[in-house]
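Visitor: This structure is in structure tokens; I'll ask about it shortly.
The values are calculated or read from the model by the stated rules, or taken from the named source; none is laboratory data. Note that the structure is a prediction, hence the values are computed from the model and not measured. We place every Cβ from the backbone using ideal geometry, glycine too, and count neighbours over all the protein chains shown.
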Amino acid sequence: MIPNYAARIRALDDDALERFVKDWAKRRTRDYAETQRWSGTGDMGRDVVGYATRQRHEGDWDNFQCKQLSTRLSEKDTFVELGKIFMHSAAGHYRLPRAYTFVAPKGVVRNVQNYVAHPERFRQAFLDKWDELVAPELVENQVVLLTLGIRDAIKRFAFDSVYWLDAVGLAEDEYAVPALVQWFDYDPGAAPAGVTPETLQDEEASYIEQLIGLYAERRNTTFADYDAALADADWGQHLREQRTRYFEAAAFDRYYRDSTPPDYLATFKDDLYHGVVDTHRDQHADGLARVLKVLAQASQVSPAGVLGRYAKVPVKQGTCHQFANEGRLPWKK
């Protein structure tokens, strides 16, 4: 049975929903320099914030307002939550957000959907309904008047940057995948196959140079360059296979870097490293024998977790070439 992730998001409590949204916001857009969760008293209308620059609130920022309610988000609650932003911005606490997203797992009422669909109508409604819906609700036992500063904030705010997401939309958002993996054991599936470029790439230079040096030592000769090693009857095919493995590992990294939390890939690599490091340290007839033994051992290592489940032999062996590139487990000492 396929898990219903939208239902699981709806079942989160307020605190958990904010933490889930923070994990989602980390990946939602690549232009965030940082994300921050504001919660509790004094959040000034912010739940989860994505900062576009290191200037944080002095630069562009996006607000994600989490509303885990028993019913759909009402018109009044929508106006009050946005009203907090206008009030605090007018008071100089922060500049207006670049975008504002209501994360309401149960959805929003039809009137709110219509306002979001008609930004200028939304703006005018704020001016018209402030006294009725917003003024008595922003500060306990006070009425917050529609001052010139608040009116100016409403007029300057980009109402076409107001969005809403329900649990289904959140669960289906591509940037939610790492959060779904972390929170609900979502299966991200297998990584796509790697593609090996015809020409040598800069990123390969170190491990390729080390391998060619070891081929030369075994033969007690030298190779003029990469093409000469590739043409060698004994080791040319071996070199081609190592490039295939390297790019299988590179494709694996790219896929799971985007589809799982950051520590998953690091844990996979640490598991593999500890599975082969003792073989690497053993005494070997020569450097090439070390390479062959380490690659054979890598094929037998079974890293834990979902990445280990999908790591085929070429991926694990290609990751060893990454270790050589980094100097973590050099082929040629």
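Visitor: How many of the residues in the range 20-56 are surrounded by fewer than 17 Cβ atoms within 10 Å (Cβ to Cβ) and in contact (Cβ under 8 Å) with a residue 12 or more places away in the chain? Even if it seems obvious, please write down each step before you answer.
Guide: To start, the set of residues in the range 20-56 that are surrounded by fewer than 17 Cβ atoms within 10 Å (Cβ to Cβ) comprises 29-31, 33-34, 36, 38-44, 53-56.
If we keep only those that are in contact (Cβ under 8 Å) with a residue 12 or more places away in the chain too, we end up with 29, 31, 33-34, 36, 39, 44, 53-54, 56.
Counting residues in the range 20-56 that are surrounded by fewer than 17 Cβ atoms within 10 Å (Cβ to Cβ) and in contact (Cβ under 8 Å) with a residue 12 or more places away in the chain gives 10.
Visitor: Kindly indicate whether Val108 is surrounded by fewer than 13 Cβ atoms within 10 Å (Cβ to Cβ) and either among the acidic types (Asp, Glu) or in the same structural domain as Phe64 (by TED's automatic domain parsing) (or both). Can you show your working first?
Guide: Working: surrounded by fewer than 13 Cβ atoms within 10 Å (Cβ to Cβ): no; either among the acidic types (Asp, Glu) or in the same structural domain as Phe64 (by TED's automatic domain parsing) (or both): yes.
So Val108 does not fit the description; no.
Visitor: Moving on. Mind counting the residues in the range 197-221 that are of a type outside the set (Asp, Glu) and loosely packed, with under 13 Cβ neighbours inside 10 Å?
Guide: Here is the first cut: in the range 197-221, the ones of a type outside the set (Asp, Glu) are 197, 199-201, 205-208, 210-216, 218-221.
Next cut, loosely packed, with under 13 Cβ neighbours inside 10 Å only: 197, 199, 205, 220-221.
Number of matching residues: 5.
Visitor: Taking Gly92, is it without any contact (Cβ under 8 Å) to a residue 24 or more places away in the chain and of a type outside the set (A, V, I, L, M)?
Guide: yes
Visitor: Here's something else I'd like to know. Restricting attention to helices (runs of 4 or more DSSP H) lying wholly within the range 156-245, give those where 3 or more residues are more than 30 Å from the chain's Cα centre (by Cα) and farther than 30 Å from Gln124 by Cα. Break it down stepwise before answering.
Guide: Values: elements: 167-172, 177-184, 205-219, 226-230.
Here the list reads 205-219, 226-230.
Visitor: Report, ordered by the first and then the second residue, all pairs with beta carbons closer than 8 Å, sequence separation of six or more or different chains, a first member in the range 262-287 that is assigned to a helix (DSSP H, G or I), and a second member that is exposed (fewer than 11 other Cβ atoms within 10 Å of the Cβ) and of a type in the set (D, E, K, R).
Guide: Gly287/Lys333
Visitor: Note down all Cβ pairs under 8 Å where the first residue falls in the range 1-14 and is farther than 12 Å from Glu172 by Cα, the second is modelled with pLDDT of 90 or more and not in a helix (DSSP H, G or I), and they're at least six residues apart or on different chains.
Guide: Cβ pairs passing all conditions: Pro3/Tyr186; Arg10/Pro105; Arg10/Lys106; Leu12/Pro105.
Visitor: Here's another thing I want to ask about it. Looking at the range 191-232, which of its residues are hydrophobic (A, V, I, L, M, F, W, C), out of contact with any helix residue (DSSP H, G or I) (no Cβ under 6 Å at 6 or more places or on another chain) and more than 18 Å from Trp331 (Cβ to Cβ)?
Guide: Result: Ala193, Val195, Ala224, Ala228, Ala231.
Visitor: If you don't mind, another one. Out of (1) modelled with pLDDT under 95; (2) of a type outside the set (A, V, I, L, M, F, W, C); (3) surrounded by 20 or more Cβ atoms within 10 Å (Cβ to Cβ), the odd one out for Gly194 is which?
Guide: Condition not satisfied by Gly194: (1).
Visitor: So, of the residues in the range 304-326 that are outside any helix (DSSP H, G or I) and modelled with pLDDT of 95 or more, which turns out to be surrounded by the most Cβ atoms within 10 Å (Cβ to Cβ)?
Guide: Looking only at the range 304-326, we keep the residues that are outside any helix (DSSP H, G or I), and these are 304, 311-312.
Narrowing the set further to residues that are modelled with pLDDT of 95 or more leaves 311-312.
Values: Ala311: 26, Lys312: 16.
Once the filter is applied, the top-ranked residue is Ala311.
Visitor: It is to be established whether one or more residues within the range 253-261 are assigned to a helix (DSSP H, G or I), more than 30 Å from Lys26 (Cα to Cα) and touching a Phe, Trp or Tyr at 6+ places or on another chain (Cβ under 9 Å).
Guide: Let us first name the residues in the range 253-261 that are assigned to a helix (DSSP H, G or I), namely 253-259.
Next, from what is left, pick out any that are more than 30 Å from Lys26 (Cα to Cα): none.
No, the conditions are met nowhere in the range 253-261.
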